[in-house]
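K.L.:
Sharing a structure below in C-alpha cells format, with a few things to ask.
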Amino acid sequence: MKTKKRLSAVLDIISANTTTTNSDLVKALGDISRITIARDLRALLAQKRIEKIGGGRSVAYRQKQRPPEDSPAQEFVLSHAQLFQTPIDIGGRDMIIGFSEAAFRKSRDRLQEPDIDSRLNARLPSYFLPAVNIARMQERRPRLIIVSGIYAALKWSAHSDAQRKRMLINNNLKIDFLEKFFERFFPDTFSLVEFRRSVDFLKISDHKLELLWNVFEKKYPRELEIVKKKLLQYKNPKLFAQCQPSEEEIRSLMVANKAVLRDAFKYAIVHLFAFADVNLSVDFAHNPRGYCSVGEHNEAIFNIVRRIGYEIFREVGEAIFDQDVFVFDNMKIAISDAKNAPPAYNGAVRGNGGLRSIDEVTYENGYRMEYYDARERLKPLIDYLYRIIPKENYEQFWNGYKKRYFDLKNRYEEAYAMQDAETIVDHAREE
C-alpha cells in the first residue's frame, strides 16, 4: 500500500496544470516518513522537470514547460519495400532490435502439453535486416544492439522444466547463428553488433509491474484501452478472426481472461526495459542520444506502452525505482506489410483438422529454400532477404552452418540432461 500511495502522490505532482503543496504531499503519503517524502522530492527535482515555487510555508511544486529537443524522437510504420526508398535519419542514435521465444504450441488438439517449439529457421535474419537498410543511410555507422527477451519468456511463457530448457537452447542457438551471420555478411556495417539479455525487469516485483500498469491506465486510459483490446486479440485470435466482437463481448472477455491478460500487461511493460527506454543497469554503455528500435507490425501496439512509460518515467523514474534511472525518448520503426507473417524468430505454424506443424525451413526437417516459394505469407520475407544477400550466398551460409548447429544443439541437450529431446513431428510433407 505504501508504494501505491507514493505512486499516486507522484502522479498528482506531475499532473498537468496543477500545483501540489508540501501539506498535500504529507496528506497523500500518509504514514510514510518525512525522510522518504524528501528523498522522493529530491528525485523529482533532479529530473529538471519539476520546479519549486514560493518559499517557507507557501512552498509548492509544479510541472515545467517541456524544453525543445535537438533531435526529437519519431515513429515510422514502413513496408519492407519502403526501406529501400525512404530516407531515414536516426540522429546519431544506435539501433536496437529485440526478440524472444514464443510459448509452445500444440501439434494436435488432444495433446495435454504443447509440443511445438520456436526453433531456428531460415527466415530468421529477415527480422534483423531492416537495421542494415537503415544503417546504410547514416553518416556515422551506428551500433546494433540485439536484445533477447529470453528471461521474460522463461517467466511467463514456459510451463514446465522441459519447456524452459528447450527455450534456452533455441535462444542460444539463434544468438550464435546471428553472430556468425553478421560476421559473415555485415562485418563493417555497424560499429559493433552487441548481444544482450534483458534483465532489468527481474529487479522489479510482479506486484510493482501490476501497479505500474494501473498507473498507466489512470494516466492514459484512452491509449491503454487500445492496447488491452489488442492484447486480448493476441490471446483469442480465432474469435477475432471470425468477427469483430462487440464492446460488451470484449468487456466480458477481459473479465474472463483477467489472469492471462495480467501477464500480457507485464510483458507489455517489459518492452520499456528491453528497448532501453528505461534502464536500471550499470553495465550498459549508453548512447546519450538514445536508440532507434526496429520491429515488425506487432511492435506497433507495444510502442504505445513505451510512449506512455517514457512520459511517466522521465519525471519520476528515480522515485519509483529508488535508484538512478536512464530514460531515453527513442525513435521507433515498425515494419508492416500487406501479408504480415508471424515474427521470424517465433516461426510460422501451419495446420488443418487439428494437425499442426512448423511451417518453415529448419535444419531438422531438411527442406530446401524453395519451400518458401509456395508459402504465400512467408515468401515476401525470404525475397526481401534475397534483395540484400544473393540467394546463392545465403544458401551457402545456411548449409555451411548446419554442422555447427547440430553440434551445439547436441552439446546443450547433453549438458541440460534432456530426455526424449526431439518431440516435434514435422507433418508438412504429409499435408
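K.L.:
Checking the table 219/332; 203/230; 174/258 against a 24 Å threshold on Cα-Cα, which pairs fail?
P.N.:
Among 219/332; 203/230; 174/258, the Cα-Cα distance tops 24 Å for 203/230; 174/258.
K.L.:
Continuing with this model, one more query. Once label points are set 7 Å from the Cα along Cα→Cβ at both residue 257 and residue 183, what is their separation, rounded to one decimal in nm?
P.N.:
Here the answer is 4.2 nm between the modelled labels.
K.L.:
Which order do peptides 100-107, 198-205 fall in by mean Cβ count within 10 Å, highest first?
P.N.:
Going from most to least packed, we get 100-107, 198-205.
K.L.:
Highest mean first, how do 125-135, 321-331 rank when packing is the count of other Cβ atoms within 10 Å averaged over residues?
P.N.:
Output ranking for 125-135, 321-331: 125-135, 321-331.
K.L.:
With only Lys, Arg, Asp and Glu charged, each at its Cβ (+1 for the first two, -1 for the last two), find how big the charge dipole of segment 79-237 is about the Cα centre; round to the nearest 20 debye.
P.N.:
320
K.L.:
How big is segment 85-171 by Rg and Dmax over its Cα atoms, in Å?
P.N.:
17.3, 56
K.L.:
If you keep only loop residues by DSSP, which trypsin sites (Lys or Arg not before Pro) in segment 279-359 have at most 12 other Cβ atoms within 10 Å of their Cβ?
P.N.:
Taking segment 279-359 and a limit of 12 other Cβ atoms within 10 Å, the loop trypsin sites (Lys or Arg not before Pro) found are 339.
K.L.:
Then there's this: With +1 on the Cβ of every Lys and Arg and -1 on the Cβ of every Asp and Glu, and nothing else charged, how large is the dipole of segment 324-404 about its Cα centre, in debye rounded to the nearest 20?
P.N.:
240
K.L.:
What ranking do 88, 358 get, fewest neighbouring Cβ atoms within 10 angstrom at the top?
P.N.:
88, 358
K.L.:
Turning to a different aspect of this structure: Using DSSP to define loop residues, name the GluC sites (Glu not before Pro) in segment 336-410 whose beta-carbon has at most 10 other beta-carbon atoms within 10 Å.
P.N.:
376
Every number here is computed from the coordinates shown, using simple stated rules; none is lab data. Keep in mind that this is a model prediction, so the values were computed, not measured. Reconstructed Cβ throughout: ideal geometry from the backbone, glycine too, with neighbour counts over all protein chains shown.
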